[in-house]
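One structure is given below, encoded as structure tokens.
Derivation of every value follows stated rules applied to the coordinates shown; laboratory data play no part. From a predicted model like this one, the values you see are computed outputs, not experimental measurements. Heads up, the Cβs are rebuilt from the backbone with ideal geometry, glycines too, and the neighbour counts pull from every protein chain shown.
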Amino acid sequence: MVLYIVRRTLWAIVVVLIVLLLTYVVFYLLPAGDPALRFAGKSPTPESLELIRERLGLDQPWYQQYAKFVKNFFTGDEYGWPGLGYSYVNGVPVLEQVKERTPRTLLLIVGAATIWLIVGVSIGVLSAVKRRTVADRAAMGFVLFGISAPVFWLGLMALYIFWNKLGWTGGTGYVPISENPSGFFSHMILPWTVLAMLFAAIYARMTRNTLLETLGEDYIRTARAKGLSERQVITHHALRASLTPIVTMFGMDVALLVGGAIITESVFNIQGLGWLAITSTFNQDLPSVVGVVMLGAVAVVVMNLFVDIAYAFLDPRVRYA
Amino acid sequence: MSEIVLDVHGLTVVFPTADGDVQAVSDLSYTLHRGETLGIVGESGSGKSVSSLALMQLLNAESARISGRAELGGRDLLSLPPDEMRRVRGKDIAMVFQDPFACLHPMHRVGDQIAEAVTAHEKVSNAAATARAVDLLGQVGIPNAEERSRDYPHQFSGGMRQRAMIAMALVHNPSVLIADEPTTALDVTVQAQILELIERVKDEFDMGVILITHDLGVIAETADRVLVMYAGRAMEYGPADELFAAPQNPYTWGLLGSMPTVERKLEELVAIEGSPPSLVNLPPGCAFHPRCIHAFEKCGTALPDLEIAPGGHADRCHLSPQMKREAQGAGIAGSPGAAR
């Protein structure tokens, strides 16, 4: 098991390096302007531009910049570890930017994930157990709505109704939990719900399908033949076996959201990592883009590893050597 | 004869489908005595498994229409409400299934799965339930039962899993044990051990056993009485020794004629021509008549009754005893002369 984890971790590092390389290549193959121009202010002179290029390392070929970045990443730079450099746009260290934005995105994900897991799995179980009843149809109607409704539309509608018209919740923007806990929840409840909606729908459908499939297994018949109650059959036998695909999907979804809750963050003006990625891309702020991409890649790789290890605990047939 | 533990009368199972009603079991009746093994034999789709699942109320209630009576301990299993049936299932009537690889939950320990059967009907501590599970695993011949009870099913061989399934069925000492093709998925060398085990626990736990199989060899080894089914109906029903010595029904002749034995070479085996009928569209008269080489006009129009002959041997056929003797004497393919 230990050997397995070590091997997987080494692989993870390789994957992160490749993702980073691709980011560099893409960024340099699609240059829409000179980053030094932005850095230089309103009326740059050729001399100052040259100076900036030298300072930013832009005068070197991309692979040298890449090598320097990798070195700094592992050894750290003057702003701490991991070394991510500083923004071309405002000169702020990327590490600092990322540190500031990460809690917002993570709190958004944690809240939304809690909601979608509870709501999605419950609806899925309910509709599998009450198959072909009104409850099942209603649940599947919700699923269709959740999957088809675009997040930006849902978000705007939610803001309009619950903030503007009813005044039940806080509006856009982010209130740190340390400053004002009730303001935090009041501002987060809508983004949580809106982001959770799509996933709850997907999870409900998947839970229903896996559960129905599992309910047809021979060991479910054995459980019934023992004289277990239907409730025990569902929870202890059917749901237990359906857990593996749910955990797999959950791990991947959470990881992808680390760099990708862009629409929700934009609609609700949360200014988390997704927002940072988008604005940095528009500003051709390579170090900031790379910072978010690195974090996203690490999240995917770590969650993948976590899911694989969780497998061994969930399914005794899986043992790693 | 010993006490009757299960009395099935007129059991009929119909699955309504878009193409019409599937007549899975039609008017099936039999009795099971304590300490006796009743072998139910037939081809796939003959209704042998479905009839047993119906007794357990393990068929999907939405998709199956079940009628008839099945008395066990003074109650009719077929009309019990689901919650009361749950209390009978695994307690008074237990079942062992065909594929032990698929029948145990892959993510729960074997001992826990058996202990769960204990606590399903008895308020005991988990420790007591586990102790009972270990004890039963030992009784069905699992070595190091205490240690092995903590294994997961995939760590067990097929034979051991089937032993564990049997242990699970014995937890509450049921009066009826249904074994549905318990050896079909197992290696030949293991099959005999499992059959012996079932015979042994039948005596030790004083149960009636219904052994469902398509294998006449299995029946010959273990059954006291035999029920031959075809297309959802009983074709022949009688004491095993008598049925093998003097089979009465042409379908039984066919089954025996197609059974390989040590003495018989492959080319001597006689297959029953044709294939079983569609259960949606049963042929009129005797369901076997399109495949029966002895069929005559009446067979295609009227369903023969299951007539009880002396010795409790019943047979569903229009042939007169005289005609049967002639068919037997001629020694033609599919006759009992060829079988024995």
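Summary table below
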| quantity | calculated |
| --- | --- |
| Within 10 Å of each Cβ in B:84-97, the average number of Cβ atoms from other chains | 3 |
| Crossing angle, helix A:181-215 versus chain A [Cα axis fit, 0-90 degrees, rounded to tens] | 50 degrees |
| Antiparallel bridges, percent of DSSP beta bridges restricted to chain B (to nearest 5) | 60 percent |
| Average other protein chain Cβ within 10 Å of Cβ, residues A:214-221 | 4 |
| 25 Å Cα-Cα reach of B:LYS324 towards lysines, excluding residues that sit fewer than 8 places from it in its own chain | B:LYS298 |
| Shielding by partners - mean other protein chain Cβ count within 10 Å, residues of B:103-113 | 5 |
| Cα-based reach from A:LYS68 at 23 Å (exclusive), listing lysines while leaving out same-chain residues under 8 positions away | A:LYS99 |
| Ranked by how many other beta carbons lie within 10 Å on average, peptides A:192-204, A:280-292, A:299-311, A:174-186 from highest | A:192-204, A:280-292, A:299-311, A:174-186 |
| Radius 14 Å from Cβ of A:PRO46, net charge of other residues (Lys, Arg +1; Asp, Glu -1) | -4 |
| Structure-based [θ]222 nm, chain A - -39500 (n - 2.57) summed over DSSP H runs of at least 4, per residue, nearest 500 | -23500 deg cm²/dmol |
| Charge tally in the Cβ shell below 11 Å around B:VAL280, where Lys, Arg are +1 and Asp, Glu are -1, B:VAL280 excluded | -2 |
| Sequence ranges B:154-160, A:116-122, ranked by mean other-Cβ count within 10 angstrom, highest first | A:116-122, B:154-160 |
| Across B:LYS48/B:LYS91; B:LYS202/B:LYS265; B:LYS91/B:LYS202, pairs whose alpha-carbon gap is larger than 26 Å | B:LYS202/B:LYS265 |
| Relative contact order [Cα under 8 Å, 6+ residues apart], segment B:1-147, whole percent | 19 percent |
| Antiparallel %, DSSP beta bridges [both residues in the protein assembly as shown], to 5 | 65 percent |
| Mean separation of Cα contacts under 8 Å, 6 or more apart, over the residue count of chain A: relative contact order % | 24 percent |
| Ordering of B:193-202, B:96-105 by packing [mean C-beta count within 10 Å, highest first] | B:96-105, B:193-202 |
| Candidates B:ALA54, B:ALA145, B:ALA128: whichever shows maximal mean-square fluctuation once chain B is modelled as a Gaussian network with Cα springs under 10 Å | B:ALA128 |
| Over chain B, relative contact order from alpha-carbon pairs under 8 Å, at least 6 apart, % | 19 percent |
